[in-house]
Amino acid sequence: MAGYMEKVTRILRFIQLLCENHNREIQMILQVQPSGKSFDFIQYMVEMLRRYHRLIRVTNSKLGMQLLDTLIEVIQGPCRENQLAFCRYKVLD
């Protein structure tokens with residue numbers, strides 16, 4: 001399981017770095033891709049956060065911190081569409 005969490009943490013870091021400096025084009029692609037079938041990474045990361053919240057452990061804290069850092073970078077302004085999507089998915093009920 002530790003190997004899996006490390007891989008997910010690295011992927012999240014990669015996504016975070018792609019969105020650095022408010023890279024709006026990448027931020028928007030994470031919600032809707034121009035191809036026929038789209039995958040909403042924001043919704044997926046919000047669901048990951050919900051699940052992580054129930055499983056917080058010292059051993060997976062690095063994953064949790066990276067998840068938050070990535071979400072922050074993905075919704076950081078001026079990307080209003082991602083901010084609205086983040087709110088729409090109700091991170092906290």
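Values in this text are rule-based calculations from the coordinates and carry no lab data. From a predicted model like this one, the values you see are computed outputs, not experimental measurements. Note that we place each Cβ from the backbone using ideal geometry, even for glycine, and neighbour counts take in every protein chain shown.
Tell me which of these GLN27 doesn't satisfy, since it passes every other one: (1) under 18 Å from CYS87 (Cβ atoms); (2) surrounded by fewer than 16 Cβ atoms within 10 Å (Cβ to Cβ); (3) of a type in the set (S, T, N, Q).
Of everything listed in (1) under 18 Å from CYS87 (Cβ atoms); (2) surrounded by fewer than 16 Cβ atoms within 10 Å (Cβ to Cβ); (3) of a type in the set (S, T, N, Q), GLN27 misses just condition (2).
For the range 30-46, which residues satisfy the criterion of being surrounded by 14 or more Cβ atoms within 10 Å (Cβ to Cβ) and either touching a residue at least 60 places away in the same chain (Cβ under 8 Å) or in a helix (DSSP H, G or I) (or both)?
PHE41, ILE42, GLN43, MET45, VAL46
Mind listing whichever residues of the range 66-93 are more than 18 Å from GLN31 (Cβ to Cβ), assigned to a loop (DSSP other than H, G, I, E, B) and not aliphatic (A, V, I, L, M)?
Listed by number, the list holds a single entry, ASP93.
Quick check on the range 49-86: of everything there that is over 13 Å from the mean Cα position of the chain (by Cα) and among the hydrophobic types (A, V, I, L, M, F, W, C), which residue is surrounded by the most Cβ atoms within 10 Å (Cβ to Cβ)?
Looking at residues that are over 13 Å from the mean Cα position of the chain (by Cα) and among the hydrophobic types (A, V, I, L, M, F, W, C), I get CYS79.
Look through LEU63, LEU49 and report the one residue that is in contact with a Ser or Thr (Cβ under 8 Å, 6 or more places away or on another chain) and either touching a residue at least 24 places away in the same chain (Cβ under 8 Å) or not in a helix (DSSP H, G or I) (or both).
Numbers: LEU49 fails: in contact with a Ser or Thr (Cβ under 8 Å, 6 or more places away or on another chain).
Just one listed residue meets the conditions, LEU63.
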